[in-house]
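Right, one structure below, let's go through it.
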């Protein structure tokens, strides 16, 4: 059965993309495979119905994973790390150790409100722990070996998500336009004159 499902070249390419880039969402898969969104969605749904991939909701994204390749916790953390700001915060914490919001703002180069928003989400999802201290709380990665391993295993996939080539788009210039004979210079005047 799986061989029948993967007999279509574009579907096989999409399955390989999901296997290589776990947690990719529809647009990411379409971009990486250079297939239109509708085609990508059709094949992703077909692969999911066939049991070769599974999906997981991540806010407004539906993220795809090859079946039986990563565990539940890995899916949760990979879904978070697919976003640029949380990934950069986690990388900074792994490099620096426990840090305050102010230190993370400087390290990552984003506003304090952005750091606060993403740190709160990382704390809720138990990727980062918050330690109340005066004058400012510190944050640190909860499971350093697990998170470091995950980032190392999928580092290329996580980084290349933003560098993936754009999907081909149909532009007005790509639509064939019939070429006609140029009108005679006086044709307009004769028709209306």
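The values are calculated or read from the model by the stated rules, or taken from the named source; none is laboratory data. Bear in mind that the values here come from a model prediction, so they are computed numbers and not experimental data. Neighbour counts run over all protein chains shown; Cβ positions are idealised from the backbone, glycine included.
Exactly one residue out of 94, 52 is modelled with pLDDT of 90 or more, closer than 19 Å to residue 120 by Cα and over 17 Å from the mean Cα position of the chain (by Cα): that is 94.
Any residue in the range 18-29 that is in the same structural domain as residue 139 (by TED's automatic domain parsing), under 24 Å from residue 155 (Cβ atoms) and in contact with a strand residue (DSSP E or B) (Cβ under 7 Å, 6 or more places away or on another chain)? Within the range 18-29 (the criterion being in the same structural domain as residue 139 (by TED's automatic domain parsing), under 24 Å from residue 155 (Cβ atoms) and in contact with a strand residue (DSSP E or B) (Cβ under 7 Å, 6 or more places away or on another chain)), the answer is no, since none of the residues qualifies.
Looking across the range 58-68, the residues that are modelled with pLDDT under 90, surrounded by fewer than 16 Cβ atoms within 10 Å (Cβ to Cβ) and under 14 Å from the mean Cα position of the chain (by Cα) come down to 59, 60.
Residues considered: 93, 80. Of these, the only one that is within 20 Å of residue 139 (Cα to Cα), out of contact with any helix residue (DSSP H, G or I) (no Cβ under 7 Å at 6 or more places or on another chain) and buried (at least 18 other Cβ atoms within 10 Å of the Cβ) is 93.
If a residue must be without any contact (Cβ under 8 Å) to a residue 24 or more places away in the chain and surrounded by fewer than 15 Cβ atoms within 10 Å (Cβ to Cβ), how many such residues does the range 28-42 contain? Of the residues in the range 28-42, 1 are without any contact (Cβ under 8 Å) to a residue 24 or more places away in the chain and surrounded by fewer than 15 Cβ atoms within 10 Å (Cβ to Cβ). For residue 51, the conditions (1) assigned to a helix (DSSP H, G or I); (2) loosely packed, with under 15 Cβ neighbours inside 10 Å; (3) touching a helix residue (DSSP H, G or I) at 6+ places or on another chain (Cβ under 9 Å); (4) not assigned by TED's automatic domain parsing to the domain that holds residue 125 all hold with the exception of (1). Is it the case that residue 79 is in contact (Cβ under 8 Å) with a residue 40 or more places away in the chain and farther than 21 Å from residue 23 by Cβ? Spelling it out, it is not the case that residue 79 is in contact (Cβ under 8 Å) with a residue 40 or more places away in the chain and farther than 21 Å from residue 23 by Cβ. Contact map, the range 83-111: first residue assigned to a loop (DSSP other than H, G, I, E, B), second residue surrounded by 14 or more Cβ atoms within 10 Å (Cβ to Cβ), Cβ cut-off under 8 Å, separation 6 or more or different chains; pairs are 83/118; 97/140; 98/138; 98/139; 98/140; 110/85; 110/88; 111/105. Of the residues making up the range 12-27, those that are surrounded by fewer than 22 Cβ atoms within 10 Å (Cβ to Cβ) and in a helix (DSSP H, G or I) are 12, 13, 16, 19, 20, 26, 27.
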